[in-house]
Each structure stands twice: as structure tokens, then as C-alpha cells.
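The values are calculated or read from the model by the stated rules, or taken from the named source; none is laboratory data. Computed from a predicted structure; not experimentally measured. We place every Cβ from the backbone using ideal geometry, glycine too, and count neighbours over all the protein chains shown. Remember, those area values only see protein heavy atoms, side chains included, never the ligands or the DNA or RNA. Shrake-Rupley method; radii C 1.70, N 1.55, O 1.52, S 1.80 Å.
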Amino acid sequence: MNTTLKIILLCSINLIALISPAQFKTKQYDKEALLIGTLNEYMGYQRTFSSGNTFYFQRIDIISRNELKHALFIDSLFSADYNDITIVNNGAPMGIKMYSPTLSSKIDRYYHYKVMNGHTTRQGDTIYKGDVDIHQLTNAKQKLSYLLGAYLRFGKNEKSTQSIIQHLKENSHWPNVNSNTDIYYAISFPNATSKAKYCEILLKEFNCKNVLYAYRNTIPAGHYVVFTPSPKIKKVIIEAEGLSKLIANITTDHIEFTIDGEKYIWQEPYKPSKIKQQFDLKKPEGLMVKPISEL
């Protein structure tokens, strides 16, 4: 008899230790600061502080449907310490959301919030806009980790940066530069002014050359930071490129979302042995098991 089952995860679980301590260099980088660097701050880091609205409340991040591997990477970094992380997906272009009561509370310490005037949820809850509190990133390790996260998710390599520079030149946003020998990289943030300007500050602090913040009046508005990396920042870029390859190799063929998008499904035979042992003895709390025919 075919006993293949799908396990519907009502809470997030560690995805077979996607990232091991050896792969993420905890001595060199701070994972909380890296996370803050990766966060989507489109029109600010948005949050509600009342439970009437589930879209913004206790949300870690909002992610495009093409970035599932990124969501799984973040989950693998933090799920051992925050076992209440959940990932949901409603199928929209920016349909993947990550939630955690405990981790979102930790994230809030890194932000200054102010009311988004004229913006409320359908339930009438006030929506707040968060900008990074730069005073929370106090040492070089945290600052470099923030840049690592920003470049990991929003960075552009040399080839892509040349296309950005060309667009900036066409719109008179690029200064006359005598030297054509410098190598440029860029970080691109749609509708995220404060994030771009903070990266500009940090890149200058770490002695990058030719640091330029540029704005393009497009939809969404383009905020770019173009720079020639210093040796220290070049190491950060190399680290980000290594993590990008690691993320690209994450397999998602065992991941599906339920029809309502409220949870994701872990399919046999990929069910972790630890969870399988628990299931064989006793159905673990928070897990619901159904045959495929019933889903």
C-alpha cells in the first residue's frame, strides 16, 4: 500500500540544516545585522502593532515568489533559535511572507517607527513605517554584516552595474569621471531611500571610492548606491557571492504551498528523520498529516 504522505507544516521547521555553522561565518559576521540588511524596505519597513491585521503584524519580511530559496535560507539561519517562524504564500508577485512573534520583536529594536499618514489596514489598524536606527549597529562586525545582507539580496555585479551606470549617464545622474579603470559595483533598492543612504554612509566609512547615491524617477522609484569597493568591502562581496551560490543550490522540489497559501508542505521522502521518528511514535504538536488524496 502506498503510504506516501504530505505533512502540512503549521509551523516552520529547520529545512535539513540548509546552512551549517561552517557555511555561515559567525565569527566574522553577525546574522541579525545581516538579516536587517536583507529586509525589504519598500516604502519603509512596514509594521502594525495590534493583532487585528495579520498581514503586517509580527511579519519578518515580504518576499517575491521567485525568492523562496532566500526565505528558506533565512529560516535555516534562525529557526534553531526562533521556532515560531512561519512562511506563507498567497501566490501574488510579492506573495511570500515570513512571520515570527519572537524574531519580529528582536527586529523592531533596529528600527525607528513613525505613523504612515493616511495608511491604515482594512481593519483600521495604524501602519507604521520603519527606518533603520543606525545607532543599533555599533561595531565593524555588525556594519559589515548589514552590508553583506544588503549586497546579498540587492547587490549588482560588475556587468549589471555597467548597465545601471549607463542609465544614470543618460539621465545626467552620473558625474564626469576621468578614470575609466575603476571597477564598480552597485546596490539597488526600489523605493527604499533610507536604506540606500545608510549603505552610502557605510561604504564611505569602509573607505570605498567613487561612492555615489543616485535616484531615478521611475516606477518603482530607483535608489542606487554605486561604488568601487575597498579591500574590506571586496571581501564582503566575495562572501555574498558565495552565499548566493549556496542559496541557488537549495532544493525546493520538496516544498509546496497549500491552496490557501497559509502553510507549506513537506513531502515524502524528504521528511527529516527526526520529525519522522516523532511521527512514528506520536504525532508532533502542530503537525497535521493527510494522505495526498485528501489534499
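Could you report the accessible area of LYS129 in Å², rounded to 10, computed with a 1.4 Å probe on the protein chains as they sit in the structure? About 50 Å², rounded to the nearest 10.
Rounded to the nearest Hz, the phi-derived 3J(HN,Hα) couplings of segment 201-215 under the Karplus curve 6.51 cos²θ - 1.76 cosθ + 1.60 (θ = phi - 60°) are 4, 5, 4, 5, 4, 9, 6, 6, 9, 6, 6, 9, 8, 9, 10, where x marks glycine and proline. Taking 19 Å as the limit for the C-alpha separation, the pairs LYS159/LYS245; LYS97/LYS197; LYS156/LYS209; LYS159/LYS195; LYS141/LYS204; LYS69/LYS97 exceed it in the case of LYS97/LYS197; LYS159/LYS195. Per q in 0.13, 0.19 Å⁻¹, report the Debye log10 I(q)/I(0) for segment 37-134, using one uniform scatterer on each alpha carbon and no solvent. Log10 I(q)/I(0), no solvent term: -0.44, -0.96. GLU256 contributes about 70 Å² of solvent-accessible surface, heavy atoms of the protein only, 1.4 Å probe. Using θ = phi - 60° in the Karplus curve 6.51 cos²θ - 1.76 cosθ + 1.60, the 3J(HN,Hα) couplings for segment 126-133 round to 6, 9, 10, 10, x, 10, 4, 7 Hz; x is entered for Gly and Pro.
Each residue of segment 139-150 was assigned a 3J(HN,Hα) from its phi angle through the Karplus curve 6.51 cos²θ - 1.76 cosθ + 1.60 (θ = phi - 60°); the sequence is 10, 4, 4, 5, 5, 5, 5, 4, 5, 4, x, 4 Hz, with glycine and proline shown as x. Using a 1.4 angstrom probe, figure out how much accessible area segment 72-127 has per residue, in square angstrom, rounded to the nearest whole. The answer is 47 Å² per residue.
Using a probe radius of 1.4 angstrom, the carbon and sulfur fraction of the accessible surface of segment 64-120 is 49%. Among 63-73, 85-95, sorting by the average number of other beta carbon atoms lying within 10 angstrom of each residue, highest first, gives 63-73, 85-95. Segment ASP81..ARG109, full-extension length gain: 8.4 nm, with 0.36 nm per residue of separation and the alpha-carbon distance subtracted.
The residues HIS112, HIS135, HIS223, HIS119, sorted by heavy-atom accessible surface at 1.4 Å with ligands and nucleic acids left out, run HIS135, HIS112, HIS119, HIS223 from largest to smallest.
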